[in-house]
Amino acid sequence: MESIQAVKGMNDILPGQVEWWQKVETTAREVLENFGYREIRTPVLEKLELFSRGIGESTDIVEKEMYAFEDRRGEWLALRPEATASVVRAYIQHNLQADFTMQKLYALGPMFRRERPQKGRYRQFHQIDVEAFGVDDPMLDAEMMYMLRVFLERIGLSGVVLHINSLGCPQCRQEHKVRLQGYLETHQETLCPDCRKRRHTNPLRTFDCKVERCQKVLEKAPHLLGSICEPCGTHFERVKDHMEQLRTPYLINPRMVRGLDYYTRTAFEVITDQLGAQNAVGGGGRYNGLAQDLGGPDIPGIGFAIGMERLILLLQQQQEEARRMPKIFLAAMGERARTHAFLLTQELRAAGLETEMDYEGKSLKSQMRRADKYGVSHVLILGEEEMDKGVAKLRNMAGKSQQEIPLEDLPAAMKNL
Ligand code: HAM
């Protein structure tokens, strides 16, 4: 019988890989909580309307990429393609602003988009999603990008660039839209069929088009940053000032538009040149109208999300190992030594050291092979001879060096590794 495979574009994360995920998640929690963010968990399944209204009807995500279906009672549902709309929904639904208008929240978990799978692009992928509500001050925009930088530094990622832009407000965007439509009109023969449609429905989205001839046309297209209104301009200036105070480098990229419609003013992306076509490790921005668009109060918001698969792919290219914690294997021969090793294993575990032993009475050679396969940093060897002498041999697997340690000193010596 043919074996059943996972759904295309949806991956298992196996032991050996999962350590990277744990490292990223732990570091994310540490940094975010240090900046005052608290975790929120929302369902992966939501009403379809949440995303079509929140993200925008004429975005690729809503038009082409959602896993949406009618359930048995005829209700339209969708697997979340992102977390922002869900977190905003939860904020409104649970009246979190009554507690404190300012809320800093984060969510970790899987998102679903039916894109064509390739390196760094999957149909189930994971995000570290961060959202802050209730503050319109540019200080928060800068702090958020600074925090993103702190996180990436803490995790040890290098070679990424922070791109920033302003996407204005509904007023200045409307004026720009008319101008952009005019420009696209004069080049419509060159545009791909999708962009010819976008010209009417959502002209800003043409900036996202990957077709080369469209890109050529857009090189000379008027961009929004050149025509944002005065309040939006002042906001952007202040964001940049705060970024300089925080010594956080950035690049102004007037062509960056983001793939979701809810953004206002500040937008940003972390870009790499080490992942091929999928060059965004994370992105986000301000979304001052979203809570109101979703039927809630007029409360500003800003956030970003990091793609965990992309972050981990980059980390694996740049770093050798996810963990450098000591990992110990006890290789014991003979009944007396095995009993001693069994108890010592539990003692080392209780002291917080990751420890494994052989339970099968295999030969020393076979036990050493197993230790190597586990990728342990140290092996403790206990045989009859060692038991007679009252010692154990400690082998450092990296340096291949070996030393004898008295049995009674073992727990303390191991804790000092
Ligand atoms: P986004 O730019 O659509 O923004 O996604 C954020 C990140 O998720 C991307 O930069 C990328 O690393 C990762 N990502 C997106 N799609 C895929 C995929 N198919 N496979 C692997 N990784 C992917 C948002 O989702 C916004 N909700 C971010 C945000 C939060 N804005 C405000 N608050």
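The values are calculated or read from the model by the stated rules, or taken from the named source; none is laboratory data. Note that the structure is predicted; figures quoted are calculated from it, not measured. Positions of Cβ are backbone-derived with ideal geometry, glycine not excepted, and every protein chain shown enters the neighbour counts. The area values use the complete protein model at the heavy-atom level, side chains included, leaving out ligands, DNA and RNA. Shrake-Rupley method; radii C 1.70, N 1.55, O 1.52, S 1.80 Å.
Here are the numbers for the structure shown:
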read-out	value
Which numbered condition Arg255 fails, given (1) modelled with pLDDT of 95 or more; (2) open to solvent by 60 Å² or more (accessible area, probe 1.4 Å); (3) among the basic types (Lys, Arg)	(1)
Test set (1) part of a loop (DSSP other than H, G, I, E, B); (2) more than 18 Å from Ala392 (Cβ to Cβ) - Ser366 fails condition number	(1)
The stretch 214-237, subset assigned to a helix (DSSP H, G or I) and among the aliphatic types (A, V, I, L, M), residue most open to solvent (accessible area, probe 1.4 Å)	Leu225
Filter result for Asp60 (charged (D, E, K, R) and open to solvent by less than 60 Å² (accessible area, probe 1.4 Å))	yes
Residue within the stretch 264-273 that is surrounded by fewer than 21 Cβ atoms within 10 Å (Cβ to Cβ) and more than 13 Å from the ligand (Cβ to nearest atom) present	yes
Subset tally (residues that are part of a helix (DSSP H, G or I) and modelled with pLDDT under 95) for the stretch 24-60	1
Sole residue being surrounded by 13 or more Cβ atoms within 10 Å (Cβ to Cβ) and out of contact with any Asp or Glu (no Cβ under 8 Å at 6 or more places or on another chain), chosen from Glu360, Glu354, Glu408	Glu354
Selection count, the stretch 196-212, where residues are part of a helix (DSSP H, G or I) and open to solvent by less than 20 Å² (accessible area, probe 1.4 Å)	4
Residues satisfying the stated conditions in the stretch 67-83, i.e. within 16 Å of the ligand (Cβ to nearest atom) and open to solvent by less than 30 Å² (accessible area, probe 1.4 Å)	Ala78, Arg80, Pro81, Glu82, Ala83
Residues of the stretch 92-119 classified as over 25 Å from Ile302 (Cα atoms) and open to solvent by less than 80 Å² (accessible area, probe 1.4 Å), total	3
